[in-house]
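Just so it is clear, none of the values below were taken in a lab; they were calculated from the coordinates. These numbers come from a predicted model, not from an experiment. A quick note on method: Cβ atoms are made from the backbone with ideal geometry, for glycine too, and the neighbour counts reach across all protein chains shown.
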Amino acid sequence: MSNTPPRRALLVIDVQNEYFTGQLPIEYPPVDISLPNITAAMQAARAAGVPVIVVQHDAPQGSPVFARGSDSWQLHPQVAAIEADHHIHKTMGSAFAGTDLREWLSGKNIDTLAIAGYMTHNCDAATIYQAAHDGLAVEFLADATGALPYANAAGKASAEEIHRVYSTVFHSNFAAVASTADWIAAVRQGEPLEKDNIFLSNQRARQA
């Protein structure tokens, strides 16, 4: 681990009413766990001088989810009440796609991007992969994020399975996965969080 304190930003992805009272309710971790952790992370970041970026997903009017201007499109009131340093609107999964996020981070000399918000396996994952491939250190606040279940022609998976599997994959290569409490402690101490690696992650599984 580097001795240089990380230059962090906290990216709060799509904490919108859709995931609470709309058509896509987050199931795991439940929102009564994730939402307080999201707001705690935002407040801790602001107290520590870590920039907070809020991301909001836009869909066309008439869309069944995230229709721009609808109640489900609005930020959750608890997130909207906390001042952000930057506010991004996106139309694709990754918060980098079609936005100024990369340039904004570069302008602030950010080298570490912490991810909170929804959904673990969709917008969080797309953003994490792109950030990691662009050379940023990435942190994933596992209890300040969440998933919902899927069933389609390829199979079926519960929200818990999706969140657990994606978190495990993130930590193996793409992002340091931590609790919100551990992330806040690292922020206050100016310390980086350490991810694992593919080889050791696989070796432990084979030896179990």
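Below, the figures for the structure above:
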{"read-out": "5 angstrom amide H check on GLU27, placed H, neighbours 5+ away", "value": "ALA147, LEU148"}
{"read-out": "Cα gyration tensor, the stretch 3-114 - rounded (a/c under 1.5), prolate or oblate", "value": "oblate"}
{"read-out": "Phi to ³J(HN,Hα) by Karplus 6.51 cos²θ - 1.76 cosθ + 1.60 over the stretch 120-128, Hz, x for Gly, Pro", "value": "2, 8, 10, 5, 4, 4, 4, 5, 4"}
{"read-out": "Gyration tensor (alpha-carbon) shape descriptor, the chain, a/c threshold 1.5", "value": "oblate"}
{"read-out": "Selection from ALA126, HIS76, ILE198, by position along the positive dipole direction of the stretch 8-207 (Cβ)", "value": "ILE198"}
{"read-out": "Sequence-distant residues sharing a close amide H with PHE140 (under 5 Å, placed H)", "value": "ILE115, ALA176, VAL177, ALA178"}
{"read-out": "Efficiency of FRET between ALA185 and GLN78 - r from beta-carbon atoms, R0 35 angstrom, step 0.05", "value": "0.95"}
{"read-out": "For the stretch 181-198, Karplus couplings with θ = phi - 60° (6.51, -1.76, 1.60), whole Hz, Gly/Pro x", "value": "4, 5, 5, 4, 4, 5, 4, 5, 8, x, 10, x, 9, 9, 8, 8, 9, 4"}
{"read-out": "ILE88 long-range amide H proximity, modeled H, under 5 Å", "value": "VAL54, VAL55, GLN56"}
{"read-out": "The chain, helix-only ellipticity at 222 nm - DSSP H runs n ≥ 4, -39,500 (n - 2.57), divided by all residues, nearest 500", "value": "-10000 deg cm²/dmol"}
{"read-out": "Separation of alpha-carbon centers, the stretch 141-167 and the stretch 116-134, rounded to whole Å", "value": "14"}
{"read-out": "Gyration tensor verdict on the stretch 120-208 (Cα atoms; rounded if a/c is under 1.5, prolate if a/b is larger than b/c, oblate otherwise)", "value": "prolate"}
